[in-house]
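The values are calculated or read from the model by the stated rules, or taken from the named source; none is laboratory data. Given the structure is predicted, the values throughout are model-derived calculations rather than measurements. When we count neighbours, we look across all protein chains shown, and the Cβ atoms used for this are built from the backbone with ideal geometry, even at glycine. Just the protein is used for accessible areas: all its heavy atoms, side chains included, with ligands, DNA and RNA removed. Shrake-Rupley method; radii C 1.70, N 1.55, O 1.52, S 1.80 Å.
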Protein chains: 2
Amino acid sequence: MIVVSSKDVAKHAGVSQTTVSRVLNTPDLVKQKTKDKVLKAIEKLSYVPDANARSLVQKKTGVITLLSGPLHNPFFVDTTTAIVNYANENGYRVNVHFVNDKKLSEAYSSAIENKVDGMILSCILLDDPIFERLKRMSIPFITYNRKHKNEELFVEIDNEEAGFLAAEHLIQLGHKDIAWVGGPLTVSTFKNRFEGYKKALKKHRIIENPLYIFHTDSSKNDIQKAFEDLQNCINKPTAICSGADSVAFNLMNNALSSGLKIPEDISIIGIDNVDLSNHGAMQLTTVGSITENNLGRLAIEKLIEMIELEKSTCIQITESVKVFLRNTTAKRKD
Amino acid sequence: MIVVSSKDVAKHAGVSQTTVSRVLNTPDLVKQKTKDKVLKAIEKLSYVPDANARSLVQKKTGVITLLSGPLHNPFFVDTTTAIVNYANENGYRVNVHFVNDKKLSEAYSSAIENKVDGMILSCILLDDPIFERLKRMSIPFITYNRKHKNEELFVEIDNEEAGFLAAEHLIQLGHKDIAWVGGPLTVSTFKNRFEGYKKALKKHRIIENPLYIFHTDSSKNDIQKAFEDLQNCINKPTAICSGADSVAFNLMNNALSSGLKIPEDISIIGIDNVDLSNHGAMQLTTVGSITENNLGRLAIEKLIEMIELEKSTCIQITESVKVFLRNTTAKRKD
DNA sequence: AGCTCTAATGAATACGTAACCATTTTATAT
DNA sequence: ATATAAAATGGTTACGTATTCATTAGAGCT
C-alpha cells in the first residue's frame with residue numbers, strides 16, 4: 001500500500017509540510033497563490049490526510065465505540081440506526097460491536113484497546129466492573145437500555161412502570177393466568193420490568209404462579225423452551241407478558257407455528273414499541289416511551305455533548321411510558 | 001484525558017520502552033524476571049497500548065469500513081450482523097455507515113478520509129466512479145448485494161434468475177396480472193431482477209403492462225404510492241412481484257392496512273429470503289440463495305483474505321437461487 | 001531609504017508505538 | 001580461564017500529522 005503523505009505534497013508543491021497542513025486546517029493563514037499550488041498537488045497526488053496520525057497528535061480520534069446487543073433483537077436495529085446516523089452527521093465514526101452476555105468481557109477489552117473519544121453501551125450488567133474501569137480511565141461513556149447499579153449515566157424507559165402497565169393491561173382484559181417470559185435478572189431492564197409485573201399482580205390480588213415465570217437467556221431456543229413449558233402446564237396461561245418486544249416476536253412465532261391464533265387463543269404483549277411492532281403483519285400491543293424518542297438517539301446526543309464539553313455531568317434519563325394498543329391482546333374468553 | 005504510555009511503564013519498571021514493547025509483542029525474547037517487572041507496572045498503571053500509534057508505524061489499522069444500506073431493510077440487518085461479527089472474530093473493528101442513495105458521495109469521501117485496511121460496500125451504483133477511485137488508491141474492497149458494471153469484486157445472488165423464478169412462481173399459480181414493484185434501475189440488483197421478471201412474462205406470453213411496473217426509490221412513501229396506484233387500476237393486479245423482501249414487507253403492510261387479505265386477495269412474493277421472512281407472522285414466500293449463505297459473510301471472508309494475502313484477486317461470486325415457499329402466495333381466484 | 005508592523009512561511013518537535021541496529025550480559029564449548 | 005555463540009536489553013529512528021517558535025517577505029508609514 002503506497003501512501004502519499006503531506007511531505008510528498010509539500011515537495012511537489014515546493015512548500016513546507018507545515019504549509020500543506022495549514023492549507024487544510026487554517027486556510028486563511030496562507031496566500032491564495034500558495035494555496036492554489038498546494039491544492040493542485042493534493043489533487044494530482046490524490047492525497048488524503050491520515051486520520052490516525054492526526055489523532056495521535058491531537059489526542060482526539062473522532063471515533064465512538066458502540067457495544068450493542070444483537071440485531072436480531074429489533075430494539076437494537078432501531079437504536080443502532082439512530083446512533084450511527086447521528087454520530088456520522090456530527091463527524092464521528094462508529095465502531096460497532098454486537099455483544100452477547102456470554103462473552104461480554106472479551107468485547108470490553110477489545111474495545112478498550114483502542115483509544116476512542118467515547119463509548120456507548122447497551123449491555124451493561126447491574127454490577128458490571130466495566131463501569132468503574134471506564135470511570136477510572138476517564139473515558140466519556142453512557143449506557144442506554146440497561147443501567148448500572150450506580151444509577152449514573154444512563155438513558156432508559158421507566159421499566160418498572162412498563163412492566164406494570166403491560167401486566168395491568170392484560171388484567172383489565174380479564175386475564176388472570178398471566179405468564180412472564182423475560183430475560184436474566186442480572187440486567188436492570190428485565191429486573192425492573194419483572195418487578196412491575198409482580199406489582200400489578202399484587203395490586204389486583206392475583207397470586208404469582210411460579211410455573212408461569214421464565215427468566216430466559218433471551219435466546220431463541222430458551223424462549224421456545226419457555227413457551228413449550230407453558231403449553232404443557234395443566235392450567236395454560238391465557239396471556240403472556242413479554243420482557244421485551246423481541247421476546248414477544250419469538251413467542252408469537254412459536255404460538256403461530258403450533259397452530260394457536262393470536263389474540264384469540266392467547267394474548268401477548270411486549271415492551272419497547274420497536275418499529276417492527278407496528279407492521280401490519282405483527283401489530284404487537286406493547287408498552288413504550290410516550291414521546292416515542294429513540295433511546296439510542298437520546299444517548300448519543302448526550303455522549304457527544306459530554307465529549308465536546310469535556311465535562312462529566314451526571315445523566316439520568318428515564319422516559320415515561322404508555323400502552324400502544326394493537327392486535328395481539330384481547331379479552332379473555334370464558 | 002491522562003494517557004499512560006509505554007514510556008511511563010518503562011520508567012516505572014526500570015527498563016527501556018523497547019523492552020515494554022517486547023513484553024507485549026514478542027514475550028519469548030525477554031527474561032521471565034523482566035517480564036514480571038514490566039507486567040506488574042502495566043497492571044499498576046493500568047496501561048493500555050494505543051492502537052492508533054501502532055497502526056501508524058505498522059501501516060495497518062485493523063479497521064474495515066462498512067458502507068451498508070439502511071437497517072430498516074432487513075436484508076442489511078442480516079448482512080451487517082454477519083459482517084461485524086466475522087470481522088470482530090478476526091481481530092478487525094468495523095466502522096459502520098448507513099448510506100442512502102441520495103447522499104452517496106458524501107458518505108464515500110468521509111469514509112476515504114480515514115485510512116482503513118479495507119472497505120465493503122453494499123450500495124454501489126452500476127457506473128459509480130468510486131470503483132475506479134478505490135482501485136487507484138489500491139485499497140482492498142469488495143461489493144455485496146449490488147455490483148459495478150466492471151463485473152469485478154462482487155458477491156451477489158443470481159438476480160436475473162431470482163426475478164425470473166419469482167415471476168414464474170406467480171404465473172404457475174395462475175396469475176396473469178402481475179405487478180412489479182422494485183427499486184431504481186441504476187443499481188444492478190433491481191435491474192437484473194426486473195430483467196428476470198420480464199423474461200418470465202415473455203416466456204409465458206404475458207404482455208407487459210406498463211401500468212403494473214414501478215421503479216421506486218425504495219422508500220416507504222414511494223412504495224406506498226406504488227401500491228395505491230396499483231389499487232386504483234381498472235384491472236387490479238392479482239399478484240405483486242417485489243424487487244426485494246423489504247419492498248414486499250412494505251407492500252404487505254399497505255395491503256393489510258387497507259383491509260386486504262394475503263394471499264386470498266393478493267399474492268406477494270419477495271426476493272432475498274431474509275431471516276424475518278420466515279417469521280410466523282410474515283411467512284413471506286421469497287426467492288433466495290439455495291445454500292442460504294449470508295452474502296455479507298461471504299463478502300467479508302473474501303475481503304479479509306484479500307487484506308491478509310495482499311493480492312487483489314478477481315472475485316465474482318453469484319449464488320444460485322430457489323423459491324422458498326411460504327404463505328403469501330396462492331392460486332389465482334376466478 | 002529606513003523603520004515598524006503584519007502577513008506568510010519554514011524548521012524543529014511531539015504524539016506513542018514498533019523496528020532496526022548496537023551493545024551488554026549470560027551460557028556454552030574449548 | 002578464555003573464546004565464542006546466544007540471549008537479553010537498550011538507544012535511536014520512522015511513521016504522518018499538528019503545533020510551537022523563529023524567520024522572512026511585504027505593506028504602509030515617515
Those residues of the stretch A:10-27 which are crowded, with 18+ Cβ neighbours inside 10 Å and away from DNA strand C (no atom under 11 Å from the Cβ) amount to A:H12
Members of the stretch A:249-267 found to be open to solvent by less than 30 Å² (accessible area, probe 1.4 Å) and either at positive phi or outside any helix (DSSP H, G or I) (or both), listed by number:
A:P263, A:I266, A:S267
Conditions (1) more than 17 Å from the chain's Cα centre (by Cα); (2) more than 10 Å from chain A (Cβ to nearest Cβ): number failed by B:I120:
(1)
Residue satisfying condition, being over 28 Å from B:N232 (Cβ atoms) and part of a helix (DSSP H, G or I), within set B:E156, B:E106, B:E168
B:E106
Scanning the stretch A:28-54 for residues that are open to solvent by 50 Å² or more (accessible area, probe 1.4 Å) and either without any contact (Cβ under 8 Å) to a residue 12 or more places away in the chain or near DNA strand C (Cβ under 8 Å from one of its atoms) (or both) gives A:D28, A:L29, A:K31, A:Q32, A:K33, A:D36, A:E43, A:R54
Collect the residues in the stretch A:125-151 that are assigned to a helix (DSSP H, G or I) and within 14 Å of another protein chain (Cβ to nearest Cβ), keeping them in residue-number order.
A:I130, A:E132, A:R133, A:L134, A:K135, A:R136
Do we have A:N90 as in contact (Cβ under 8 Å) with a residue 60 or more places away in the chain, over 14 Å from the mean Cα position of the chain (by Cα) and more than 12 Å from DNA strand D (Cβ to nearest atom) here?
yes
From the list B:N52, B:N95, B:N100, pick out the single residue that is more than 15 Å from DNA strand D (Cβ to nearest atom) and at the interface with chain A (Cβ under 8 Å from one of its Cβ atoms).
B:N95
Filtering the stretch B:193-229 down to residues that are aliphatic (A, V, I, L, M), open to solvent by less than 60 Å² (accessible area, probe 1.4 Å) and part of a loop (DSSP other than H, G, I, E, B) yields B:I206
Filter result (at the interface with chain B (Cβ under 8 Å from one of its Cβ atoms) and within 17 Å of B:V116 (Cα to Cα)) within the stretch A:78-92
A:N88
Please go through (1) open to solvent by 10 Å² or more (accessible area, probe 1.4 Å); (2) at pLDDT 80 or above; (3) under 23 Å from A:I112 (Cα atoms) for B:N114 and return the number of the only condition it doesn't satisfy.
(2)
Suppose we keep only residues that are under 28 Å from B:T65 (Cα atoms) and of a type outside the set (S, T, N, Q) within the stretch A:23-39. Which one would you say is farthest from DNA strand D (Cβ to nearest atom)?
A:L39
Which condition breaks for B:S289 when tested against (1) closer than 23 Å to A:S246 by Cβ; (2) more than 13 Å from every other protein chain (Cβ to nearest Cβ)?
(1)
Looking at the stretch B:236-248, I want the residues that are surrounded by fewer than 24 Cβ atoms within 10 Å (Cβ to Cβ) and have a partner that is assigned to a loop (DSSP other than H, G, I, E, B) with Cβ atoms under 6 Å, at least 6 apart or on another chain. Which pairs are those?
B:P237/B:D177; B:T238/B:H175; B:T238/B:D177; B:T238/B:R332
Kindly indicate the residue of the stretch A:103-113 that is of a type outside the set (G, A, S) and at the interface with another protein chain (Cβ under 8 Å from one of its Cβ atoms) and also farthest from A:T189 (Cα to Cα) among those meeting that condition.
A:E113
Selection from the stretch A:79-103 of residues more than 17 Å from A:I142 (Cβ to Cβ) and either touching a Leu at 6+ places or on another chain (Cβ under 8 Å) or not in a helix (DSSP H, G or I) (or both) yields A:T81, A:G91, A:R93, A:F98, A:N100, A:D101
Taking strands (runs of 3 or more DSSP E) that fall entirely within the stretch A:279-332, which contain at least 1 residues that are surrounded by fewer than 18 Cβ atoms within 10 Å (Cβ to Cβ)?
A:316-319, A:321-324
Quick one: in the stretch A:56-75, of everything that is free of Cβ contacts under 8 Å to residues at least 40 places away in the same chain and crowded, with 16+ Cβ neighbours inside 10 Å, which residue is nearest to B:D78 (Cα to Cα)?
A:L71
Sole exception among (1) assigned by TED's automatic domain parsing to the domain that holds B:V15; (2) closer than 18 Å to B:T18 by Cα; (3) not acidic (D, E) for B:K44, by number:
(2)
